[in-house]
Amino acid sequence: MGLNTYFDRKHLEAHYATTEDYRQRSDSWETLAKNSISQWYAEQLKDLTFTEVLDAGAGLGRFSDAVARSKDVNITAIDISPEMVQATRQRVETLPGNHRFIQSAIEEAPFEPEAFDLILANLVLHHVPDIKVAFEKLATLVQPGGHVALLTADFDWMSELNRLQDHALLTLGFPFDGPALTAPGTNSFCEANIMRFVPASLMLVKKPWFDGTMVFPDVDAVLNFYTRTLRYKNIAQQIGDDSLKQAARELIEKYCLQDGELKVSSSVYQYVFKKL
């Protein structure tokens, strides 16, 4: 089970069929980092003019909520997961504005061209089967002069957890060159290669960086976060027992003794493009 699981719609729908795992991780990005990422995100957009906002891959609605609280807007939120759509609805529908909540993939988004003056697409395009097709779809939906704002991971996002899992898998006898040790799916669309996918109709206007480094209070907190990740769950499901979790715990304890702290890098860039 390799990178294809990051793009397979049925697999993703199953992974996000309940919101609890993602909610736990998402809350950690807010509470364990130095600053709130959602507030920072909305602050970066304050100088733009927009009313009609599409949140593509809305997840729990964290960024829709932040944007809707910062300006008078109408939010349209889409996600392939009905549970995520409902979570966004619960978070946003009582805020001022005319808001819509629709289950849809980005490529199938049921809107007329140029229907929005701001599109959000945060940490989602590494999940789509064809990044260029999905990115081009977003470009067609934004008005000339409007903007597309997206968060994308730094290269080797959460590298400490990636290294932890690879180390644990090697101790369990997995081959070093096998599919279980595949690079994280976020590398398919990250700071290192994003510009290869940008549609010709979009021009980059800014690229602020957010230090999302999380500082965990104890070993259990790290383990709780790690075992809710897609990368862990893909392999643990194949193994069929808790051996990967136990191996990871032993390594986390070892790292903590060596380094004296429990940090996981989670830095992202906010790319803001203008439609020509």
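A short reminder: the numbers here are calculations on the coordinates, not readings from a lab. Since we're looking at a predicted model, the values are computed, not measured. Ideal geometry is used to build each Cβ from the backbone, glycine not excepted, and the neighbour counts take in all protein chains shown.
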Cα-based shape type of segment 165-223, given that a ≥ b ≥ c are square roots of the gyration tensor eigenvalues and the cut on a/c is 1.5: oblate
As I understand it, the value is the acute angle between the Cα axis of helix 230-239 and the longest principal axis of the Cα atoms of the chain; what does it come to in degrees, rounded to 10? 40 degrees
How large is ³J(HN,Hα) for each residue in segment 132-142, as worked out from phi by the Karplus curve 6.51 cos²θ - 1.76 cosθ + 1.60 (θ = phi - 60°), to whole Hz, x for Gly and Pro? 4, 5, 5, 5, 5, 4, 4, 5, 6, 7, 9
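Could you tell me the calculated FRET efficiency between residue 276 and residue 112, based on Cβ-Cβ distance and R0 = 25 angstrom, to the nearest 0.05? Display every interim value, and only then the final one.
On the way: r = 19 Å, r/R0 = 0.77.
It comes to 0.85.
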Using only Cα atoms, tell me the angle between helix 243-259 and the longest principal axis of the chain; keep it within 0 to 90° and round to the nearest 10. 90 degrees
Euclidean distance of C-alpha centroids, segment 49-114 and segment 146-181, integer Å: 29 Å
Only Cα pairs under 8 Å and at least 6 apart count here; give the relative contact order of the chain as a rounded whole percent. 22 percent
Within the chain: Cβ-based charge dipole about Cα centre, in debye rounded to nearest 20 (Lys, Arg +1; Asp, Glu -1): 380 debye
Out of all DSSP beta bridges with both ends in segment 3-275, state the antiparallel percent to the nearest 5. 45 percent
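In segment 145-176, what chymotrypsin sites (Phe, Trp or Tyr not before Pro) fall in a loop by DSSP, with at most 11 other Cβ atoms inside 10 Å?
Here the sparse-neighbourhood loop sites are 176.
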State, as an integer percentage, the relative contact order of segment 79-212 based on alpha-carbon contacts under 8 Å between residues 6 or more apart. 23 percent
Where a ≥ b ≥ c are the square roots of the eigenvalues of the C-alpha gyration tensor, would you call segment 219-273 rounded, which needs a/c under 1.5, or, failing that, prolate if a/b is larger than b/c, or oblate? oblate
Spelling out what I want: for every residue of segment 59-69, take phi, set θ = phi - 60°, compute 6.51 cos²θ - 1.76 cosθ + 1.60 (Karplus), and round to whole Hz; glycine and proline get x. x, 7, x, 4, 7, 4, 4, 5, 5, 5, 7
